[in-house]
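**Student:** Right, I'll just put the structure down here and ask away after.
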Amino acid sequence: MGNSFETITVLQYRLKAAQEELAAFQSGEKYIRMEKQHLTQVRALERRIAKLEAAVAKEHSHAITIRNQWFEIFEQLQKECDRMVAEAVKKADMMEKRAIRAEKQRDIALEKVTSQRRELCKVKTELDDEKQKVQKLTAQINRNYENSSIPSSKSIARKKISNSREKTGRKPGGQPGHRGHCRKKLTPTREIYLPAPEEVLHDPDFKKTSKTITKQKIDISVEVHVTEYHADVYYNSKTGERIHAPFPQGVIDDVNYGGNLRAFLFLLNNDCCTSIDKSRRFLSDLTDGKINISKGMINNLCRSFAQKTESQRKEIFCDMLLSPVMHTDCTNARVNGESSYVFVCAVPDGGVLYFARGKKGHDGIKGTVVEDYQGTLVHDHDVTFYKYGTGHQECLAHVLRYLKDSMDNEKDRTWNRQMHSL
């Protein structure tokens, strides 16, 4: 009830207001007021528009002024920018040209460096090759009979073989405080008793003691002993046969030389390595020219010795085949001015055999102990010897020579000294 009353009241007021407004419109007053109000608003709006137009014109003029100023500034900036761009382009062109020129120079320099490196590498390689050649030639020049297998006879201007013993600074001979090595006395072949001095004979105060001083004088003499055999010849008148007593063994020719003389000449010619001429001259001088042996006779002594020792050599040959270790080598020789070779075979117990050959290699080994040997061969690493035997060892004398060669020509290495000491 309350709400409806209020609603009715509101509606009544609104209806009354509407009736009054309708009456105003009907009377025309409302139109007059509205027109006046409208005119007032129009004039106010016109004045406002005029002000706004003036402000707009002013702002437009100001904008034109600012725009003109901006155009001027922009033109200046554009000119400055164009100038800077032109300078930058010019500088860029210059830099590009410089870069191209620098690249060309760099490429040329790289080519030069590459070429120089190649030349340097080539020069280093050649230098290393030359150094190796120089080292090799120096080593070849420095090689002699002391540090290689070159025989001393082939060394040019060879020096004297030095003694490997270190000097002690002491004088040669007996040293103080050491027991002396006296000369040994021999069995006398002749005794001479010296008489008493004259002063002893005439002075009765001297009495003979039991002490006797003996001194020996040892000397040698060469005597020619000639034994001449006589044998009567007997003739059989019935058969015509002639007969005489047999001569001793070895007495065949009218003049025969004994075994001592033959052995002396054989050892002098072979063991002492004197020539046939010197051997016969030496014997002639010893005998005051009584014995003058021919060269042919001395030359035949080797053949005679070989024939008489054939059985002994065969026995030594067989013993060598059973030895577990054997040393062998081949050396040069000259026979009637032509090259020949001597093969040497030796075993630790002292057996030694020499084989004369006209060739080296396998042809020279034929007939020697090496051909059928089945033990360890010790040699100078000649490739021929590796075809024989069951084991091989290089002669340490050659190894020491090679190590000495390395020590003399390769001083930057240390293993060679260590190996040499070992």
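Just so it is clear, none of the values below were taken in a lab; they were calculated from the coordinates. Not measured: the values here are computed from a predicted model.
**Student:** Can you tell me how the range 234-340 classifies by the Cα gyration tensor, rounded, prolate or oblate, using a/c under 1.5 as the rounded cut? Before the final figure, lay out each step's value.
**Tutor:** Values: a/c = 2.87, a/b = 1.51, b/c = 1.90.
Oblate.
**Student:** What is the set of long-range amide H partners of ASP380 at a cut-off below 5 Å, with H atoms built 1.01 Å from backbone N?
**Tutor:** Counting only residues 5 or more places away or on other chains, the set is CYS395.
**Student:** To the nearest 10 degrees, how steeply does helix 295-308 sit against the main Cα axis of the chain, on a 0 to 90 scale?
**Tutor:** 80
**Student:** Which whole-Hz ³J(HN,Hα) couplings does the range 52-59 yield from phi under the Karplus relation 6.51 cos²θ - 1.76 cosθ + 1.60, θ = phi - 60°, glycine and proline marked x?
**Tutor:** Karplus values, whole Hz, x for Gly and Pro: 5, 4, 5, 5, 5, 5, 5, 5.
**Student:** What list of ³J(HN,Hα) couplings, whole Hz, do you get for the range 368-374 from phi and the Karplus terms 6.51, -1.76, 1.60, once you set θ to phi - 60° and write x for glycine and proline?
**Tutor:** 8, 5, 4, 4, 10, 6, 10
**Student:** Enumerate the aspartates and glutamates that LYS207 could reach by cross-link, defined here as Cα to Cα under 14 Å, with residues fewer than 8 away along the same chain left out.
**Tutor:** Leaving aside aspartates and glutamates fewer than 8 places away in the same chain, those within reach of LYS207 are GLU198, GLU199.
**Student:** Taking every DSSP beta bridge with both residues inside the chain, roughly what % is antiparallel (nearest 5)?
**Tutor:** Values: 18 of 25 bridges.
Just about 70 percent of them are antiparallel.
**Student:** Relative to the first principal axis of the alpha-carbon coordinates of the chain, what is the inclination of helix 310-321, with its axis defined by its Cα atoms, in degrees from 0 to 90 and to the nearest 10?
**Tutor:** 30
**Student:** Over the Cα atoms, compute the radius of gyration (one decimal) and Dmax (the largest Cα-Cα distance, rounded to a whole number) for the chain, in Å.
**Tutor:** According to the Cα coordinates of the chain, Rg and Dmax are 68.8, 232 Å.
**Student:** Please list 3J(HN,Hα) in residue order for the range 353-366, calculated via the Karplus relation 6.51 cos²θ - 1.76 cosθ + 1.60 where θ = phi - 60°; whole Hz, with x for glycine and proline.
**Tutor:** Once rounded to whole Hz, the list reads 10, 10, 10, 7, 9, x, 9, 9, x, 5, 5, x, 6, 4.
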